[in-house]
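The values are calculated or read from the model by the stated rules, or taken from the named source; none is laboratory data. Quick caveat, the model's predicted, so the values are computed rather than measured. Don't worry about glycine lacking a Cβ; one is built from the backbone with ideal geometry, like all the others, and counts go over all protein chains shown.
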Amino acid sequence: MSSLFLLAVTGAAVLWDIRTGKVPNFLIAAGLGTASWFRLTELGIFGFWRFLGGSALPLLLLAVLFYFRMLGAGDIKLFCVIGGFLGTERVFICMALSFLMGAVISLVLLIKRRIFKARVLYFFAYIGKLYQTGKYSPYRGKAREAEFCFTLPVFFSVLLCVGGVY
């Protein structure tokens, strides 16, 4: 039953992200509340600790990507919801698969949009500027052609989990 709720939350997040470019906080709050309730009723206090660990892991691992604006807050919060449902080990695998699928999607889009070379040069220029000045600036500029809804590979990763692949 908890798998259906997880699919519903992540599926709704994809739709919202595609329509508005954001994952709404009420959806995150509903997901976290539902995950904590499922874990508490299924496993008692141990389940609640599992919920907390699974929800905290994405924050700890992905904070650096948010700091450099390489990943949105909604994506990280969605991983926190997923972690609440799945626990630490499975959310880690979910994140790894999401990034792997996201990398494949990115590569396809960069080649299709014919901006692969420009994005590689932008990346190296960004690293060079960071090294020379020692000052941080957001990685994402105004160029939106290089972006896509990351919630989509996240959803596919959750589908693989619920389907029993991992």
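With the checklist (1) closer than 16 Å to residue 148 by Cβ; (2) surrounded by 11 or more Cβ atoms within 10 Å (Cβ to Cβ); (3) out of contact with any Ser or Thr (no Cβ under 8 Å at 6 or more places or on another chain); (4) among the aliphatic types (A, V, I, L, M) in hand, flag the one item residue 59 doesn't pass.
Looking at each condition in turn, residue 59 falls short on (1).
Quick one: count up the residues across region 102-119 that are surrounded by 14 or more Cβ atoms within 10 Å (Cβ to Cβ) and free of Cβ contacts under 8 Å to residues at least 40 places away in the same chain.
Residues meeting the conditions: 6.
For residue 83, indicate whether it is in contact with a Pro (Cβ under 9 Å, 6 or more places away or on another chain), in a helix (DSSP H, G or I) and more than 15 Å from residue 159 (Cβ to Cβ).
In short, yes.
Residue 52 - would you say it is in a helix (DSSP H, G or I), surrounded by 14 or more Cβ atoms within 10 Å (Cβ to Cβ), at pLDDT 95 or above and not hydroxyl-bearing (Ser, Thr, Tyr)?
yes
Output the residue which, of all residues in region 98-157 that are among the polar types (S, T, N, Q) and at pLDDT 90 or above, is nearest to residue 78 (Cα to Cα).
The qualifying residue nearest to residue 78 (Cα to Cα) is 151.
Which numbered condition trips up residue 8, out of (1) at pLDDT 95 or above; (2) surrounded by 15 or more Cβ atoms within 10 Å (Cβ to Cβ)?
With respect to (1) at pLDDT 95 or above; (2) surrounded by 15 or more Cβ atoms within 10 Å (Cβ to Cβ), residue 8 is out only on (2).
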